[in-house]
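The next block holds one structure in the form of structure tokens; read it before the comments.
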Amino acid sequence: MSAIRLLVLGAVRQHGRAHGYQVRNDLEYWGAHEWSNAKPGSIYHALKQMAKQGLLIAHDVAPSTAGGPPRTEYEITGAGTREFFTLLRASLTSYDQSMDVLSAGVGFIVDLERAEVLGLLRQRVASIEGWRAAVTERWTPEDGPESIGHIGEIMNMWVHTADAGAEWTRGLIERIEAGAYTFAGEGAPFVGVLAEGQENPHATGIPDPEDSP
């Protein structure tokens, strides 16, 4: 599963319509360029590809301020919205999702209703616990992982990572059950995107390719 696909669809959806630089700016504001493949080239490629696939609509608007070709604004379609929610739900439930996919999903959890998020996160804990039980039933060095050489540290690392993931997920469930955050249908959502012209403290400084003459 691609984190960049979920991130780009979600960012466009939050704006309603957004050009590539806005999407990139939002994802850099989240720090996504540090924990995922949300680099400028990947973002613009994803936008163009998903427009070809019918998940986004591309609108040519006024020429860029630097004299380049017209900017392209993107709008999510019905198919794109369905894809977004499919990816979002999958990112929160599977125990084996990579960290960038899980991080992208957490960034959009408030787009779902509170009860559904709790259910998805409980599925995640159950998946982690099921994987751990199956693995430790077959892989249990009596004298610790070192008894089978340094290779034993590989599964040891995965088991510890699973334990940490389950603990973090239980903590998130507790916080949400206690009333943390504003979810879909509960009122005005948290604004996680930058307004047009708002300075981004995490900007990489790489020029927008659409501003190239």
* To do: Check D26, D60 and return the single one that is over 23 Å from L118 (Cα atoms), touching a helix residue (DSSP H, G or I) at 6+ places or on another chain (Cβ under 6 Å), modelled with pLDDT under 95 and among the charged types (D, E, K, R).
  => D26
* To do: Could you tell me which of the residues A90, A11 is farther than 21 Å from L121 by Cβ, part of a helix (DSSP H, G or I) and touching a residue at least 12 places away in the same chain (Cβ under 8 Å)?
  => A11
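This table checks each residue for (1) modelled with pLDDT under 80; (2) surrounded by 12 or more Cβ atoms within 10 Å (Cβ to Cβ).
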{"residue": "A166", "(1), (2)": "no, yes"}
{"residue": "T182", "(1), (2)": "no, yes"}
{"residue": "G187", "(1), (2)": "no, no"}
{"residue": "F190", "(1), (2)": "yes, no"}
* To do: Name the residue, out of R122, R82, that is among the basic types (K, R), in a helix (DSSP H, G or I) and within 28 Å of T161 (Cβ to Cβ).
  => R122
* Asked: Listed residues E177, E196, E210; which is at pLDDT 85 or above and at negative phi?
  -> E177
* Test set (1) under 18 Å from A104 (Cβ atoms); (2) at pLDDT below 90; (3) among the hydroxyl-bearing types (S, T, Y) - T65 fails condition number -> (1)
* If only one of A51, A18 is more than 22 Å from S127 (Cβ to Cβ) and buried (at least 21 other Cβ atoms within 10 Å of the Cβ), which one is it? -> A18
* Those residues of the range 100-119 which are within 9 Å of the chain's Cα centre (by Cα) and assigned to a helix (DSSP H, G or I), in sequence order -> D100, V101, L102, S103, A104, G105, V106, G107
* **Filter pass, L87 being surrounded by 19 or more Cβ atoms within 10 Å (Cβ to Cβ), of a type in the set (A, V, I, L, M) and at pLDDT 95 or above** => yes
* Output for the range 21-55, where each listed residue is among the small types (G, A, S) and either part of a loop (DSSP other than H, G, I, E, B) or within 23 Å of P189 (Cα to Cα) (or both) -> G31, A32, S36, A38, G54
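The values are calculated or read from the model by the stated rules, or taken from the named source; none is laboratory data. On a predicted model such as this, the values are computed, not experimentally measured, just so you know. All Cβ positions, even for glycine, are placed from backbone atoms using ideal geometry, and neighbour counts span all protein chains on display.
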